[in-house]
């Protein structure tokens, strides 16, 4: 890999990250000492879905994130970036600003496949909300938010928009979420096979898309 960004706070189901501002930031720094291609740390599923009384909107305090940023920016061998996973449904939460100012790179994701039709408007909102930041777009091959496959038409549509964003300079690059998920086996074998075939169609189409346009627009 030319560059590796390692997780300092993992997916939302990893409960240890909610205790005493625990993170893997020191492990990222340890790896960065060894490997010159480690260039930053990412906080995944960092914000809660909605505000609640007496609870930080983030899984860590603002001060905890500021400490992470300081450690990364002051790393002796090179400045390391702090990345954030930001979802479309979080764009209108007013209390994010103190956090957003601390990140170097915003990765923007559309959580529900049915919201892909609003991609352009939501990306513009994301950029307005996080000016002077680098932006990456996240690409799912599975409809996690609605717990079902993306249709091939949805896959084609989002890749078309990403191509436009890249050519237009709206984003720095794409992040493809490699699918390690499968449908719930409890939904029945016939439905399972149908979902799996739909998933494979999206995967194959995406592979061909990357092969066709990757050299033209660069790959990140």
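Restricted to segment 33-67, and to residues that are more than 21 Å from the chain's Cα centre (by Cα) and part of a helix (DSSP H, G or I), which residue is surrounded by the most Cβ atoms within 10 Å (Cβ to Cβ)?
Checking each candidate, the answer is 67.
If we keep just the residues of segment 68-106 that are in contact with a helix residue (DSSP H, G or I) (Cβ under 9 Å, 6 or more places away or on another chain), touching a residue at least 40 places away in the same chain (Cβ under 8 Å) and part of a helix (DSSP H, G or I), which is farthest from residue 41 (Cα to Cα)?
Per the stated criteria, the residue is 89.
If I ask for residues that are closer than 18 Å to residue 113 by Cβ and surrounded by fewer than 15 Cβ atoms within 10 Å (Cβ to Cβ), which ones from segment 125-155 would you list?
The answer is 146, 147, 152, 153.
Does segment 10-30 contain at least one residue that is at pLDDT below 90, part of a strand (DSSP E or B) and exposed (fewer than 15 other Cβ atoms within 10 Å of the Cβ)?
No, segment 10-30 contains no residue that is at pLDDT below 90, part of a strand (DSSP E or B) and exposed (fewer than 15 other Cβ atoms within 10 Å of the Cβ).
When you look at residue 209, is it modelled with pLDDT of 90 or more, over 19 Å from residue 110 (Cα atoms) and in a helix (DSSP H, G or I), yes or no?
So residue 209 fits the description; yes.
Looking only at segment 138-159, count how many residues are part of a helix (DSSP H, G or I) and out of contact with any helix residue (DSSP H, G or I) (no Cβ under 9 Å at 6 or more places or on another chain).
Total meeting the criteria: 1.
The values are calculated or read from the model by the stated rules, or taken from the named source; none is laboratory data. What you see is a predicted model, and the numbers here were worked out from it, not measured in a lab. Note that we place each Cβ from the backbone using ideal geometry, even for glycine, and neighbour counts take in every protein chain shown.
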